Amino acid sequence: MVPLIVSVFKIYNAKVLKLKSGMMKQSFLYILSKKAFFFALIFINFFQGIKAINHDYTIITEQWPPFNYLEENQLKGSVSKLVLEIMKDLKIKKTIEVLPSARVMNLLDQSQKIIFFSYILTEERRPKFNWIGPVAQQTIYFYQNKKSKHKFKSMKDAKSASSICLRDSGYVYNRLISLGFKNLDVSVSAESIYLKAILGRCELAISETTEGYRFWMKKLNKPVDSLIRTHLHLKSAPLYIIASKNIENSIITLWQKSLEKIK
């Protein structure tokens, strides 16, 4: 009788263990399937997020050495290099256009989606664009005709110059206008600005940084000492990449993070 009871007990235990084992197996498979489903959702959302990023904007720069300029149909300059590295990092395949800054500002006024470099940050400009950077620092000096006998040590002195050659728009022009300058002789290019100063058509010229001035002297085939660099300059200011306000914040963040990684 006892052996029979033991046998029945063993059979019962075996069935219970088998049942528990099956339940554990099903529970494990259920948990595994839930985890697989969860990770699949993350995977799908991740790639949907990547696909959602639409780089539907134009990238533009201008001739402003040493930061960005064309030479032998190649885009060169310290900031150009940074932008090209950002584009490579973000896998952006676009051609960078080179246009005068005044034309770019007109395009921005027309609400076109544009990323532009390099641009000087000022408090007046800050609310108009999204800012990526800084990418460089610049100081722009006044250069003097060698025949001029005046000593220019202050903005008040510069106001007494017979004339000052400069670009017809942009930071320098707006800054001097805001300071009350009346003796401005505007041009559309750096070459004409410095050439007019060399020829004596204006007493002072202001357009570029020291490196930029050297670049244009080389282009004009003129010695670097064709003009005298004064001690007078506009306040140093940081340079940025700017983006029009209608470009998504997610793209601005991508560019900024990429820049920080590269720098």
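Derivation of every value follows stated rules applied to the coordinates shown; laboratory data play no part. Owing to the predicted nature of the structure, the values given are computational and were not obtained by experimental measurement.
General observations
- Using a cut-off of 28 Å between Cα atoms, the listed pairs K113/K235; K151/K182; K196/K235 include K113/K235 as exceeding that distance.
- Diffusion coefficient (Stokes-Einstein, Kirkwood radius over C-alpha pairs, 10 °C, 1.306 mPa s) for the stretch 197-237: 143 µm²/s, rounded to a whole number.
- Applying a threshold of 26 Å to the alpha-carbon distances of K76/K219; K94/K222; K81/K159; K94/K261; K218/K257 flags K94/K222; K81/K159; K218/K257 as lying beyond it.
- The stretch 174-263: translational diffusion in µm²/s, Stokes-Einstein, Kirkwood Rh over Cα pairs, 25 °C, 0.890 mPa s: 151 µm²/s
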